[in-house]
1. Restricting to region 166-193, name every residue that is assigned to a loop (DSSP other than H, G, I, E, B) and either open to solvent by less than 30 Å² (accessible area, probe 1.4 Å) or closer than 19 Å to A129 by Cα (or both).
2. For region 62-69, check the following and say yes or no: at least one residue is among the aliphatic types (A, V, I, L, M) and modelled with pLDDT of 95 or more.
3. Quick one: in region 87-135, which of the residues that are hydroxyl-bearing (S, T, Y), more than 12 Å from the ligand (Cβ to nearest atom) and open to solvent by less than 60 Å² (accessible area, probe 1.4 Å) is nearest to K198 (Cα to Cα)?
4. Any idea which residue in region 194-207 is nearest to N148 (Cα to Cα), counting only those that are open to solvent by less than 70 Å² (accessible area, probe 1.4 Å) and assigned to a helix (DSSP H, G or I)?
5. Counting only residues that are within 18 Å of Y55 (Cα to Cα) and away from the ligand (no atom under 16 Å from the Cβ), how many does region 174-211 have?
6. So which residues in region 149-173 are touching a residue at least 60 places away in the same chain (Cβ under 8 Å) and either within 15 Å of the ligand (Cβ to nearest atom) or over 15 Å from S58 (Cβ atoms) (or both), if there are any at all?
7. For region 155-165, enumerate the residues that are under 16 Å from R107 (Cβ atoms) and either open to solvent by 60 Å² or more (accessible area, probe 1.4 Å) or hydrophobic (A, V, I, L, M, F, W, C) (or both).
8. Which residues, taken from region 136-148, are open to solvent by less than 20 Å² (accessible area, probe 1.4 Å) and either over 14 Å from V45 (Cβ atoms) or near the ligand (Cβ under 8 Å from one of its atoms) (or both)?
Amino acid sequence: MKKILYIITTISFFMSSCNIAKFSTPEKEIINKKYENKIMPLMLVSNKLDSTILYSKSKKFKVSKRDKKLEKLVSHMYETCNDKTNPGVGIASPQVGINKRIIWVQRFDKEEEPFEVYFNIEIIKFYPAKSEGWEACLSVPGYRGIVNRSDSIIIKYDNYKKHDIIETVRGFTSVIFQHEIDHLEGVLYTDRIFDKTKLYSDKEYEKTFNK
Ligand code: ZN
């Protein structure tokens with residue numbers, strides 16, 4: 001009886017340990033560091049080493065409420081995106097050096113426009129109707145550009161409570177999702193601008209549009 005109990009305990013421990021996100025050693029080092037005001041340094045496309053992370057595909061992971069590292073990373077990503085000196089409307093984990101599928105998005109389509117976090121997110125459908133719109137990126141400072149994106153998408157994601165949640169998102173909020181999920185695929189918005197006359201430095205933008 002004791003032996004059976006031991007086996008059951010071992011199996012359940014093994015199963016619960018599977019639910020903990022497996023961060024790599026360099027990722028754990030990044031998460032474990034202390035950051036002033038919880039603001040993490042951003043990976044920049046202008047830096048060679050950062051670029052290798054930005055251009056890598058991010059992996060899915062097991063979501064667990066008990067994973068303290070995940071909890072810390074999620075809260076630090078939020079503060080980094082809401083840095084008053086350099087704010088964004090969304091952030092993806094590769095932008096802070098972590099190639100796992102985690103994004104924060106500001107939900108302009110919801111009342112009070114809250115920031116929400118999404119795990120293991122992917123786009124399962126792009127509707128054919130597309131529009132052009134301005135985009136910028138915390139990892140590509142000093143630039144903005146016009147990107148053609150789907151008006152509506154269907155996303156699939158996990159949160160702390162549920163798995164495989166399906167949702168349709170429309171309008172500007174869907175553009176933010178597409179931009180952030182691109183980061184998880186190792187794609188930057190600048191890669192989607194094939195006509196380079198649609199990419200402006202801040203100075204060129206000021207000159208062209210704010211005469
Ligand atoms: Zn970005």
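The values are calculated or read from the model by the stated rules, or taken from the named source; none is laboratory data. Predicted model, so just to flag it, every value in this text is computed and none were measured. Note that we place each Cβ from the backbone using ideal geometry, even for glycine, and neighbour counts take in every protein chain shown. Heads up: the accessible areas ignore ligands, DNA and RNA and are worked out on the full protein's heavy atoms, side chains in. Shrake-Rupley method; radii C 1.70, N 1.55, O 1.52, S 1.80 Å.
1. G186, L188, I193
2. no
3. Result: S131.
4. Step by step, filter region 194-207, then rank; the result is K198.
5. The qualifying residues number 1.
6. Correct list: N159, Y160, H163, V169, R170, G171, F172, T173.
7. I155, I165
8. C137, S139, V140, V147
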